[in-house]
1. Which condition breaks for A:I230 when tested against (1) among the hydrophobic types (A, V, I, L, M, F, W, C); (2) within 14 Å of chain B (Cβ to nearest Cβ); (3) more than 21 Å from A:N54 (Cα to Cα)?
2. Can you tell me which residue in the range A:20-44 is surrounded by the fewest Cβ atoms within 10 Å (Cβ to Cβ), limited to those that are over 24 Å from the mean Cα position of the chain (by Cα) and among the hydrophobic types (A, V, I, L, M, F, W, C)?
3. I need a count of the residues in the range B:190-242 that are under 28 Å from B:K284 (Cα atoms), small (G, A, S) and without any contact (Cβ under 8 Å) to a residue 12 or more places away in the chain.
4. Tell me which strands (runs of 3 or more DSSP E) are completely within the range A:99-176 and hold 2 or more residues being within 17 Å of A:F52 (Cβ to Cβ) and within 13 Å of chain B (Cβ to nearest Cβ), or say none if there are none.
5. Can you name the residue in the range B:52-106 that is more than 15 Å from the chain's Cα centre (by Cα) and among the hydrophobic types (A, V, I, L, M, F, W, C) and is also farthest from B:S404 (Cα to Cα) among such residues?
6. Take the conditions buried (at least 24 other Cβ atoms within 10 Å of the Cβ) and either aromatic (F, W, Y) or in contact (Cβ under 8 Å) with a residue 12 or more places away in the chain (or both) and apply them to A:A154. Does it pass?
7. Among the numbered criteria (1) part of a helix (DSSP H, G or I); (2) under 25 Å from A:I265 (Cα atoms), which single criterion is violated by A:Q198?
8. For the list (1) under 17 Å from the mean Cα position of the chain (by Cα); (2) under 20 Å from A:V22 (Cβ atoms); (3) of a type in the set (G, A, S); (4) more than 14 Å from chain B (Cβ to nearest Cβ), I need the number of the one condition that A:A218 fails.
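The values are calculated or read from the model by the stated rules, or taken from the named source; none is laboratory data. A quick note: this is a predicted structure, and the numbers were derived from the prediction, not measured. Cβ placement follows ideal geometry from the backbone for every residue including glycine, while neighbour counts extend to all protein chains displayed.
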Amino acid sequence: MLKSPHLLGIKDLDAESIDLIVKTAKEFKEVLNRPIKKVPSLRDVTIANVFFENSTRTRLSFELAEKRLSADTINFSASGSSVKKGETLLDTVNNILAMKVDMIVMRHASPGAPHYLSKHIKANIINAGDGTHEHPTQALLDTFSLREKLGDLAGKKIAIIGDILHSRVALSNIYALKKQGAQVRLCGPSTLIPKHIQSLGVEVSHDVKETLAWCDAANVLRIQLERQQIKYFPSLREYAQFFGITRKMLDELPKEIVLMHPGPINRGVELSSDAADSPHSIILDQVENGVAIRMAVLYLLASRA
Amino acid sequence: MRILFKSVLILDSTSTYFQQKVDLLAENGIWKELAPSITSSVDTQVDCENLSWYPSVIDLRVHHTLPGGEFKEDWNSLKSAAIRGGVLDMALLPTGNPVPQQAEAIQFIANQTTEVSFYPIAPLTLDNKGENFTDLYDLHQAGAEWFSHGAGSLQNTDLMVKCLQYLQTLPVTLVTRPNTEGLSLYGQIHEGLQSTLMGLKGIPVLAETLSIKRDLDLLRYVQSNSFGNGNKEFKLHISCLSCQESVDLIRQAKKEGLPVSADVAIHQLIFTESDVSDFDTNKKVNPPFRTQEDQDALWKGLVDGTIDAIVSDHHPVEVEMKEIEFDQASFGVVGLETLLPALLQAAKLRNIQSVDTWIHHGPAKLLGIDSAQLAVGNPSKGVLVALKNQEYEASQIVSKSKNSAFLNHTFDHQIVGVLNGTFYTSF
């Protein structure tokens, strides 16, 4: 059983809970491959998907996971901060909860927004991404996908390449991978690496070729231009030239590596199309596993009640 | 009006009765007699068997919400909060909207003095925009002894050097809260491990130290070009130090003989970056809470005299701007009511015997006011404190705004009485 009623981040999740979620996801993945993909586990549970930031795949993935578990779902989308709208986040969520909602799946541009909510409301909260902080279900589905390819992650070399500074995927993945004993190396322009990140026990490199040669798997992140309030590097052109990954680079490696991307891909920037579509890539497996992981998280949190 | 305090432990380190129990007799706002035992007919007698006597707090840094921010704090709530915290004198930053920037506005603020004395800090530039000077001499003539760029630092170097040049001929203080805006832009908390873990943009130490270095260099430049006409009482006051390097810079500047002084906000002496790990917006302050090493350096700076004063940096913020997402929330905490209890508790943990230099005698000297020593013939002022554990709750806050960093904190010192002249309030 999960220890917390919420999934706010990987930081507070122990290795045992990660194992439990992945194990449960594996079972749900089998369900998803059956002719009848639906199970009645969350019948009579109402889940609100509250997205204060644009999302396509995460929202669809959660919604599908909820439907596969027979939950009742409602969707709320609003872009921009709650302050700008004139209604506070707490008011918005309390309005939704007044309609007797049991769980909230929330994406928000502000780091800590789900943590703030968890102090004020009783429903289970699942963080579907909070600004540049955490994206726990992404890290869990990445772990699931990596384990399918590499087995136990202890001692495995995983590179996270790209805009680390603005990435919630990076931070959640670092936590998840370190808890599983993996070696983690971050790679990107020096302005996009948080200054104190090495305290988390990761290595830092600014050489993509060398990092690709080092790793067993590379998780490539997109440049988060929408989260960069100020300039961090000269141009996308230059970024693609010095930090972009091409099929040629992958083919020249002495060993086969696993290529991942949380999507959406900026084709031609961090990944060339021929790299993204190469046999190295497990990008679409990640998407499939995302549904199973989210089913597992929803199921495990609901079964605590 | 005669008031007698019986058997009170004197913890004003400048008193001849320091750490002794005595009786204090005040008559019509003046100390009439101080002796081991006084028997006299009085209007009010306060039994102080387990109580201690401290000098009142002189607070050099309070964010003024008036005009324009009456919903955060008004004159009545400001005075009540100050008295609740034993703060009987305070300097008010020019942070109202519109900015009080005419001679009449400065006089108006000073004229609000009743139970609490107000010292208006005048703005250096019109509307705190950093573009055009206010009438600096005129504002000084109207009573302003301190000048600032709102609650921050003037970013335009040329304008800053001219402000220093212009004001150095007067017996005034230019106060700045060091910050390099280009480096702290969008920052939320201290740039360190915690900001990385929380996904929040950090405010680097460099934003503060670069600003101090700049202003000290400008001061050196101005001093060396003053034709020998600089006013001896002119001072640059660096407010709200938050890190070790800043303390070192001030220490060095003082050693060099530069006319500088400095203060630190009480909350910096108690909290560190790890205290914001739960996204508590009531601990979102600027400058942000930094590391344990920084905090230790700030205490060291106080003890060796580098830092002259401890301030509340009282900054009322309405609940609507605190009960929201962390990166959307306003900076600032209220602090008038908790400065003294928080300081006494923190000092005890560090085995520091006396704190009154930093909250009374030091700031009195900087403000150029009578430090009201506990002696016969001087104005009767002071604070009675009891040793008692009590959890601090929002309902106890007198200020209109409840954004205290100390909510749910248990204080071990409680203010139980405040005397200002003939005016005595017990709690």
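1. (3)
2. Selected residue: A:I36.
3. 1
4. The qualifying strands (runs of 3 or more DSSP E) are A:103-108, A:124-130.
5. Selected residue: B:A103.
6. no
7. (2)
8. If we test A:A218 against (1) under 17 Å from the mean Cα position of the chain (by Cα); (2) under 20 Å from A:V22 (Cβ atoms); (3) of a type in the set (G, A, S); (4) more than 14 Å from chain B (Cβ to nearest Cβ), just (2) comes out false.
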